[in-house]
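Have a look at the structure below before the remarks.
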Amino acid sequence: MRTRILVSALVGIAALFASRGAEAQSRRIRDSNWRQSERDSTQQGSPQRFALELRFGLYYPQVDEEFGGTGPYQKFFGDKGRFHFGAGFDWQALRIPWVGSFGPGVGLGYTSASGKAFREGTYDDATNTYSYEDRRVGETSLTILPMHVSAVLRLDELFRRTGVPIIPYGKIGFGAGLWWVDVGEETAKVGTGDDEIKGVGLSYGVHWAIGGMLALDWLGRRSMASLDQETGINHVHLFGEWTNQNLGLGSNQMKVGTSTWTAGLTFEM
């Protein structure tokens, strides 16, 4: 009798531990799955409210557009694209059911170009006997800090509900570009006294972009769940984007915007 009671107790305890182990294993599997449709509301991971972007690409300043395509920028710096890098921060303030997230975003970038400066009095002198290269001395540089404040729409509901790792998005808003020209270690200037004009300014206009993100969750679901738990980063994405910054719409503003491809990483948290 006692043997039967002891055996029954051991079997009951074993069954209890087995059921708890199966429940824990099931919970770990669900927690590692990024698909919203396969997780209940208590297993969605940490809240997702923001997106941080790190971006890079080539920048083609549109300075010469007001000169018919051939102007001072090409004469000083050539027509090659300049390396550009920047960062963006979006607040996913509103979630639209079956569509995605919508909210404001800001961005700031950096690019610069350098080349030889022209000897004084030779830049527009078509009759001088010096060759083009002989007329260039010293060093001059153009630095541009493009920035924007935009409305951002990310169409990520398909990804959240099914796991399809493609997320289209678009941005549109106000753009600006702080720029300055240096000759040697000093800011460039023309004229003297009250007529002096320094080579520094702020150009403003319109910023818009359209692109797509590739979610990297499928590379390691458990790793992404661990990253979320340890750092609060929900998702990591690769993105490619066509960026258009039409800067210099105001009077007496230099056109320092660009139209170009940009790529980078997005961290959602």
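List of remarks:
- Residue list for region 151-170, restricted to those being buried (at least 22 other Cβ atoms within 10 Å of the Cβ) and part of a strand (DSSP E or B): Val152, Arg154, Ile167, Tyr169
- Residue among Ala225, Ala176 that is within 26 Å of Thr262 (Cα to Cα) and either among the aliphatic types (A, V, I, L, M) or not assigned by TED's automatic domain parsing to the domain that holds Asp156 (or both): Ala176
- Of the candidates Ile167, Ile144, the single residue that is touching a His at 6+ places or on another chain (Cβ under 9 Å) and within 19 Å of Gln253 (Cβ to Cβ) is Ile144.
- Condition broken by Met224, with the remaining ones in (1) touching a Lys or Arg at 6+ places or on another chain (Cβ under 8 Å); (2) crowded, with 20+ Cβ neighbours inside 10 Å satisfied: (1)
- Lone unmet requirement of (1) surrounded by 20 or more Cβ atoms within 10 Å (Cβ to Cβ); (2) closer than 21 Å to Leu108 by Cβ; (3) touching a residue at least 60 places away in the same chain (Cβ under 8 Å) for Met213: (3)
The values are calculated or read from the model by the stated rules, or taken from the named source; none is laboratory data. Here the structure is a predicted model, which means the values were calculated and not measured. All Cβ positions, glycine included, derive from the backbone under ideal geometry; neighbour counts span all protein chains shown.
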